[in-house]
Amino acid sequence: MPVKKSQIITEAKPHTIKKFELINMYIKSWAQKLMLNRQCNGLIFIDCMCNSGVYKNQNGDTVYGTPVRVAKTLLDVARTYPDKQVFIYLNDLNFARVEELKKHLPEDERNFKIITSYVDAKEFLENIGPQLNDSSHYHYFLLYDPYDATIEWRVLLPFFRHWGEVMINHALLDPIRAIGSAKSTTTKKKYENTYLEDFEKLIPYGSDKNAYEKRVEEIINYMKGNRRYFVASFPFYNTKNSLMYDLIHCTSNIVGFKLYKYCAWKVFGGQSSTKRANDGYVQMQLNFSDDGLGITVPTDDSCYGVHDIAKYLQKSFSGRTNVPLEEIWSALDYHPVFPSDGFRDEIKNDLKQYYGAHTGTTINPLSGKKQQVISFANFVE
């Protein structure tokens, strides 16, 4: 049955547009870093649930989605590095949406090629997965973006086991709302496949988002095999502050991990989610401690800000003097949420203003050169 025009071009909510922005910003930086690597012959971008690539926003204006934005971004990359190849695989089960998408994509060039298809995502990835063995000098990025909580882990396994990156949209709103009332065998089976658990064991999860997130992290930890792996997950909220989904980034490369955190905080305007937190106003609380530091900042685990990074560093380095700034930023490199780049001046200002920290310079005993340092007050909230 043909799809109506209104179903081909759908509305993109503000949080969805932020998702487009985040993925494209990351891919732009990711591609530039990899193309500078002599061992990288090219890039492969895969979107197995790409939709039509064009939407309308709440004002009725045209908005381009991930496949169109990324295609234009990677075309610029291909032109910048003419001796390297760029392949883009775009797939959607809906034929009409793929045909609409093709109208908005750039033309192929000598080292830039777009391959479109309209099959089930499971079948699509089953065909591509085995080809990774022959792509050792290509670096891939797989975007797995279902509209509900449907994750086929089996077809994702090859992508976790090879060098590359995987991004998964974990549609949390679906199980939070529906698991408690699921009746049909088909629906129950969907959740069992997504969380690799018997449905009866999922019922106690209820509306506890942390339980679903923890289970997905456990599955990813198994899928990665015996190697170091980095997983960063950022939540997306709608304009009513209802949680919609987590956008999970998986990589074996610390550079990609750091880059994704940086991009997310930049796109979210200096915080860790799209949640509206008092329109940017930070509420302070009095803290009657012996050292006279009387202001603290309450933490919202669903939306961290720069103040929370400063609080974390104060707790980690309390009482230490002349700590090299590089040691401080390194402490953030491996944090699951906080970025180590992009907000350094704001973090230092917060440490000085709210925690009495002092900055200065010393001589590095190894290099003999000046280095910037910071001294922390002996205070932990």
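The values are calculated or read from the model by the stated rules, or taken from the named source; none is laboratory data. Fair warning: this is a prediction, and the values are worked out from it, not measured in the lab. Cβ sites come from the backbone with ideal geometry, for glycine too, and all protein chains shown count toward neighbours. When the accessible area is computed, the model is the full protein with side chains, heavy atoms only, and any ligands, DNA or RNA have been set aside. Shrake-Rupley method; radii C 1.70, N 1.55, O 1.52, S 1.80 Å.
General remarks:
- Residue check, Glu21 under 26 Å from Asn127 (Cα atoms), of a type in the set (D, E, K, R) and modelled with pLDDT of 95 or more: no
- Filtered residues of the range 50-74 (kept if touching a helix residue (DSSP H, G or I) at 6+ places or on another chain (Cβ under 9 Å), surrounded by fewer than 21 Cβ atoms within 10 Å (Cβ to Cβ) and either in a loop (DSSP other than H, G, I, E, B) or modelled with pLDDT under 95 (or both)): Asn57, Gln58
- Residue match in the range 145-152 (condition: farther than 30 Å from Glu197 by Cα and touching a strand residue (DSSP E or B) at 6+ places or on another chain (Cβ under 9 Å)): no
- Breaking point among (1) open to solvent by 30 Å² or more (accessible area, probe 1.4 Å); (2) under 25 Å from Val255 (Cβ atoms); (3) free of Cβ contacts under 8 Å to residues at least 60 places away in the same chain, for Arg320: (2)
- Of all residues assigned to the range 330-340, none qualifies as being open to solvent by 40 Å² or more (accessible area, probe 1.4 Å) and over 29 Å from Lys266 (Cβ atoms).
- Qualifying residue in the range 233-249 (condition: in contact with a Gly (Cβ under 9 Å, 6 or more places away or on another chain) and open to solvent by 30 Å² or more (accessible area, probe 1.4 Å)): no
- For first residues located in the range 156-167 and acidic (Asp, Glu) and at pLDDT 90 or above, partners that are surrounded by 19 or more Cβ atoms within 10 Å (Cβ to Cβ) and not in a strand (DSSP E or B) and lie 6+ apart or on another chain with Cβ distances below 7 Å form the pairs Glu165/Gly256.
- If the condition is being more than 17 Å from Glu218 (Cα to Cα), in contact with a helix residue (DSSP H, G or I) (Cβ under 9 Å, 6 or more places away or on another chain), among the hydrophobic types (A, V, I, L, M, F, W, C) and surrounded by fewer than 21 Cβ atoms within 10 Å (Cβ to Cβ), then the range 164-198 contributes Ile176, Ala178, Ala182.
- Residues of the range 116-155 that are under 16 Å from Leu90 (Cα atoms), aliphatic (A, V, I, L, M) and in contact (Cβ under 8 Å) with a residue 40 or more places away in the chain: Ala121, Leu125, Ile128, Leu142, Leu143.
- Among the residues of the range 168-197, the ones that are among the β-branched types (Val, Ile, Thr) and free of Cβ contacts under 8 Å to residues at least 40 places away in the same chain come to 4 in all.
- Test result for Arg97, out of contact with any Lys or Arg (no Cβ under 9 Å at 6 or more places or on another chain), part of a helix (DSSP H, G or I) and among the charged types (D, E, K, R): yes
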